[in-house]
Amino acid sequence: MFEIKPAGALKGVLRVPSDKSISHRAIMLGSLNKGLIKVKNFLRSEDCMNTLKAFRMLGVDIEDDGEIITIKGKGKFLKEPFDIIDLGNSGTSIRLISGILSGQNFYSVLTGDKYLRKRPMDRIAIPLRRMGATIYGRENGKYPPLTIVGKYPLSGIFYESPKASAQVKSAILLAGLFTDEPVSVIEPSKSRDHTEKMLEAFGVDVEIDGLKVSLGKNRELEADMEIDVPADISSAAFFMVAAAVVPGSELVLKDVILNPTRTGILDVMKRMGVKFSVENEREVSGEWIGDIKVVYSENLKGVTIEGDIIPRLIDEIPVIAVLATQAEGETVIKDASELRVKESDRIKTVVSNLKNIGAEVEELEDGMVIKGKTKLKGGKVSSFGDHRIAMSFMIARLISENGVIVDDIECINTSYPEFIENLKKVLA
Ligand code: S3P
């Protein structure tokens, strides 16, 4: 349970924790690499630590001196794990690692917590089987635990992904490192592109043609480099929304990743009338970053959020829904049925929590409609074991009349262990 005193304004400067997607990929690609990788500003959250532990179990020498993570990669071929690999709550870990294990000539079993074991894996198992891997799972191969019997070499694939999913795209590209045959993935709209960008930085040939990503001739990773992980826009989102809705706020979020496949929330904030500016833009480790200054914004307007922007803000929708309660008019979120298979069914959990605290909201099959300018009375809500639901409703707490009590907040550790500490710091 979590309760904080009625909020004052959010003030000051905050560097939220590092990007989760990039931290996972730094460990994974660093492990398949022939060379020495140093990762600076690695996100030491439960999800990313599960990825790190998994690669240690696969025989990779990874050192953590508390500041820098050093990965001494020996190349693509890993060691058969001596035990089941437990990936906790992390969908990115299990799906991307499945791609890598598909190309290994050994047997491995992947599992996770009770939430991960309910998340669909057929989206990666179907294309990976087509490439030649043997993958078993519960309910006809759909759910973890997954058993993977890999094979080298795999076959190539031309995969038209039914979803704009970076996890699906990445699993196929990573498996594609274990074949010389053509490998291409086309997605219906562009999902985050960190895997393809980082593969290129490691020396792999990647060709991008609109929504199609293909692997070229060189599929070996050979680099000695430092990866400096920027701050996660998905974590910054909670504070951007908080500063926009709490009167008197003025908050700077430093070093935030501004990769265009991730900045859908900034486009929406602009359309809704949030007052913010992006300063000090620069490139770090191949990613565009900057400092985002957000000030309290009156006269927010409801908007429709649909189509190609959805994958660019998919993880931010719970907190965007909280923002929408403060806008004039309706906010309609559509084309977001993927939310139903995230860490919780985020359409259901957002709608039920918003109703519990006095918002007017209607559930759609693929999204929700939020009536704005409702005074949030407050009440008791649950995280449903989902980190982003927990944090979104702690932000709702700041603008509620009687407070919001969020039950079961341990899950915040999956992506943002310092969340409460950081919130207290900017509220001080
Ligand atoms: C992620 C991709 C997204 C996102 C998840 C992280 C990644 O999922 O929701 O939190 O790091 O690849 P999908 O793109 O698979 O839907």
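Please list the three semi-axes, largest first and in whole Å, of the ellipsoid equivalent to the chain, using sqrt of 5 times the eigenvalues of its alpha carbon gyration tensor. The partial results should precede the final answer.
On the way: eigenvalues 265, 98, 80 Å².
Computed over the chain, the values are 36, 22, 20 Å.
Label point 7 Å out from residue 348 along Cα-to-Cβ: which residues of the range 110-150 have amide N under 15 Å? Answer for this model: 115-120.
Run the numbers on the range 20-228 and let me know its relative contact order in percent, using alpha-carbon pairs under 8 Å that are six or more apart.
Values: 481 pairs, mean separation 44.1, N = 209.
Computed over the range 20-228, the figure is 21 percent.
Averaged over its residues, the chain has an accessible area of 37 Å² per residue, based on protein heavy atoms and a 1.4 Å probe. Within the chain, which DSSP H helices have Cα atoms that stretch 27 Å or more along the helix axis and a mean Kyte-Doolittle hydropathy of at least -1.0? The qualifying helices: there are none.
Normalised by the number of residues in the chain, what is the relative contact order in percent for Cα pairs under 8 Å and 6+ residues apart? Walk me through the numbers before you get to the answer.
Working: 1052 pairs, mean separation 71.5, N = 428.
The normalised contact order for the chain reaches 17 percent.
Taking only protein heavy atoms and a 1.4 Å probe, the accessible area of the chain is 49% carbon and sulfur.
Based on the Cβ-Cβ distance of residue 186 and residue 425, what FRET efficiency does E = 1/(1 + (r/R0)^6) give at R0 = 35 Å, to the nearest 0.05?
0.20
With each label modelled as a point 7 angstrom along the Cα→C-beta vector, the residue 362-residue 72 pair spans 6.2 nm.
Shown in residue order for the range 373-385 are the 3J(HN,Hα) couplings computed by the Karplus curve 6.51 cos²θ - 1.76 cosθ + 1.60 at θ = phi - 60°: 6, 9, 6, 7, 6, x, x, 9, 10, 10, 7, 6, x Hz (x for Gly and Pro). For residue 12, the residues 5 or more places off, or on other chains, whose built amide H falls under 5 Å of its own are 250, 252. Taking a threshold of 28 Å on the Cα-Cα distance, which of the pairs 72/425; 142/270; 11/377; 217/334; 118/169 fall above it? Distance filter (> 28 Å) returns 72/425; 142/270; 217/334. Shape index of the range 20-228: Rg/Rh, with Rg the Cα radius of gyration and Rh the Kirkwood radius from the inverse mean 1/r over Cα pairs, equals 0.93.
Straight-line cross-link partners of residue 301 among the aspartates and glutamates, defined as a Cα under 14 Å from its Cα and at least 8 positions apart when in the same chain: 267, 328, 330. Legend: Rg and Dmax of the range 336-428, from Cα coordinates, 13.2, 40 Å.
Mind checking the range 343-428 for GluC sites (Glu not before Pro) that DSSP puts in a loop (not H, G, I, E or B) and that have at most 13 other Cβ atoms within 10 Å? Listed in order of number, the matching sites are 365, 401. Only protein heavy atoms count here; under a 1.4 Å probe, residue 381 has an accessible surface of about 10 Å².
The values are calculated or read from the model by the stated rules, or taken from the named source; none is laboratory data. Just so you know, these numbers come straight off a predicted model, no measurement behind them. Reconstructed Cβ throughout: ideal geometry from the backbone, glycine too, with neighbour counts over all protein chains shown. Calculation scope for accessible area: heavy atoms of the full protein, side chains included, ligands and nucleic acids excluded. Shrake-Rupley method; radii C 1.70, N 1.55, O 1.52, S 1.80 Å.
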